[in-house]
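All remarks here apply to the structure that follows.
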Amino acid sequence: MPDKVSPIEALPAASRAFGELRAVSAEPRWAMVVDLERCIGCWSCCVICKSENNVPLGMWWNRINTVGAALDTPREEHGGLAMHWMPLACQHCENPACTKVCPVKATYSREDGLVVQDDERCIGCRYCLVACPYGVRVFNWGRPEYPVPFPMGMVEPRPVGTMEKCTFCIHRLSEGQVPSCIWSCPAQARVFGDLNHPDSEVNRLIRERAAFQLLEERGTDPQVFYLPPRRKRGWER
Amino acid sequence: MRQSHARLIWVSLISAGFLAGLGAWIYQLTQGLIVSNMRNPVMWGLYITFFMFFVGLSAGGLIVASAGRLFGGHRLKPIVRLAVVEATVAVMLAALFLVPDLGRPDRLWHLFRYPHWTSPLMWDIAIVIIYLIISLLYVWVYTRADHAQLGSRLAFGTGTSEADSRRDERMKAVLAGVGLPAAVLLHSITAWIFGLQLSRGFWYTAIMAPLFISSALVSGTGLMILLSLVARRVKKITFSDELLGFLGKLLVTFIVVEAFLVFSDMLTAAYPGAEFEAGPMARLLSGRYAPFFWFEIGAGLLIPFVILVGGRRRFRPPWAAAAAALAVVGIWVHRFNLVLNGLSYATITEPPGVAIGTAPAPGTTSFALTQFYYPSWVEWIVALGLLCLGALLFTAAVVKLPLKEKASQHA
């Protein structure tokens, strides 16, 4: 797990209040809701993820897929055109394919539902990368390279030859703050919260908006929920 | 002496190859796996292919030794010692091929310190170790009497009495009983590394374990034919062409089973037409990996079948050797197809795909839905080095161990 270097206490009070976790129970079970109607495919969450987590060049913990066959291109649907994006990071599954196959238990589920990666134990066999159906894990193939000549971000860089992935900004959760992709979303398409708290925003949205999980049929039971867009048609032909 | 001269040249060549491979591996250690052509879209490649391939080759040995004994194939006796040596070297190589595939080989000991038993990889490491022990015991039991006769320390204080040879026979029977299930387990577990992955439609099939056993039998028997012919040529063992014909008959039987399983697997995947399984299948039949697939079917199964199926050709060394070599190479290509086609099909097919994992050149993307994997020169040289190490071990065993069966021992 990356060590925290993040000076959250140094943030102005208004920033801290904006990113505060609300409606948290005594034993939280973290979940994320992504509203596909709101996502505008701007990649802000991906970019802030890279700088927050010190993710080297060529590696992404978070990406924006375009629904359809071509990047940032509308698709034809029932005689009209539609365009939606599907932000994709670690799904923090209840029944993860990756933790089962790890030969040294370097990746495992925590009590609060987070799937974490221990880069001190990882032997770099990449079996978890084979097993993950979402393609969200990334391997340190060589020495990390950054756009500037030094590592940057709120967590320590990971060693070469090990695996890394989205942590739900574990270093921010411990400070009572939402992951960085949540507060940075200009369309407010992402919501983060506690599934164990009956009044949490994530529970309300999952209930009211017929949320679905990605590759539901594989039985991985992700703790990332997607809200289908209610407006089906985007543009006239 | 001509033969010792030839042996010197051979040993120098393979030693040089081994040193080159060692150098390439050290280079890989300093740079990371970035010097391979594996990336996040296709994260396993040549090393894993060779790992599967050598697991398969180790079958030949133990199955020839055990099945011969359990089902009364006494014809195989002249090559049994060679077979168990081959099994031992092959399973060692399989284990060694996992090492360069690791991003952190310096943490190899974590496998023993923090074993996680839900991982098929951990099951495989356990069975490889068990199998290695069985193979070593096999080699010892089959050569023990000769060591004792020569007064070698390898006899471990055992003698040449009647009681000693009776104990040998008992041990051989026990080992055959343990060795055959161990061999079956070894191939099944290796298959399950792949076959239990729901994320990879091309792999997720219950036929994977039987398919691995059949391809292990094809490649293992093929290699046994080749090695027996070489060992007979250098006068380490003697056997008749009748035995060669018998091995050819075994090989052609295994080829038919392999072809049937491959066909059954592909039909099941293709028939429903669901993208998850039929996509990789269509690409195998007509996409960019198609030449590999058609080589596997044509050169690896069809031609050896035609050579071996009828007439007297399988009794003639050149024909038998050609068929065996094609079958062995064909199974290697089959393994390569299996790895690449299982992995290179994107699990989420929406663009832009997964992060490649290394800094992209300016103006290029850092994402890819898939990747056309071909091994880098570092991977080839590391693999060559390990192949040469295997050849060295095998040559040393053939030179040092008494492989010739003495007629008097089988009264």
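We did not get these values from a lab; they are worked out from the coordinates using the rules stated. As the structure is a computational prediction, the values presented were derived from the model and not from experiment. Note that each Cβ is placed from the backbone with ideal geometry, even for glycine, and that neighbours are counted across all protein chains shown.
Tell me the Kirkwood hydrodynamic radius of region A:5-106 in angstroms, computed as one over the mean inverse distance between distinct C-alpha pairs. About 17.3 Å for region A:5-106.
Quick one: Debye curve from the alpha-carbon atoms of region B:1-158 only, equal weights, vacuum; give me log10 I(q)/I(0) at q = 0.09, 0.17 Å⁻¹ to two decimals. Calculated log10 I(q)/I(0) at the listed q: -0.44, -1.19.
Stokes-Einstein at 4 °C, 1.567 mPa s, Kirkwood radius from Cα pairs: D for the protein assembly as shown in µm² s⁻¹? Estimated diffusion coefficient is 48 µm²/s. Under 5 Å from the amide H of A:Met32 lie the amide H atoms of A:Val224, A:Phe225, each residue being 5 or more positions distant or on a separate chain, with H modelled from the backbone and absent for Pro and chain starts. Treating r as the C-beta distance of B:Val174 and B:Phe292 and R0 as 30 Å, the FRET efficiency rounds to 0.10. Over the Cα atoms of region B:176-285, the radius of gyration divided by the Kirkwood radius equals 1.11; this is the Rg/Rh ratio. Sequentially through region B:345-351, phi angles give Karplus couplings (6.51, -1.76, 1.60; θ = phi - 60°) of 8, 4, 7, 10, 8, 7, x Hz, Gly and Pro residues having no value and appearing as x. The residue list B:Trp332, B:Leu217, B:Trp203 was ranked by how far each Cα lies along the charge dipole of region B:7-409 toward its positive end, using unit charges on Cβ atoms, and B:Leu217 comes out on top.
State the extension gain, in nm to one decimal, for the chain segment bounded by A:Gln188 and A:Phe150, taking 0.36 nm per residue of separation less the distance between their alpha-carbons.
Taking 0.36 nm per residue and subtracting the Cα distance, the gain is 10.5 nm.
Sparse packing (at most 16 other Cβ atoms within 10 Å of the Cβ) combined with a DSSP loop state is found for the following chymotrypsin sites (Phe, Trp or Tyr not before Pro) in region B:1-75: B:Phe71. Here region B:220-377 was treated as a single set of alpha-carbon atoms; its pair distances binned every 5 Å from 0 give 2, 8, 15, 16, 13, 12, 10, 8, 6, 5, 3, 2, 0, 0 percent.
Averaging 1/r across all pairs of distinct Cα atoms in chain A and inverting the result yields a Kirkwood radius of 18.7 Å.
Normalised by 2.2 N^0.38 Å, where N is the number of residues, the alpha-carbon radius of gyration of region B:235-307 equals 1.52.
Just so you know, the Rg over Rh for chain B is 0.99, from Cα atoms, with Rh as the Kirkwood radius.
With one equal scatterer per alpha carbon and no solvent term, the Debye-computed log10 I(q)/I(0) for region A:63-166 at 0.18 1/Å reads -0.93. Could you sort out which of B:Lys77/B:Lys400; B:Lys249/B:Lys404; A:Lys100/B:Lys172 sit more than 29 Å apart by Cα distance in this structure? Beyond 29 Å: A:Lys100/B:Lys172.
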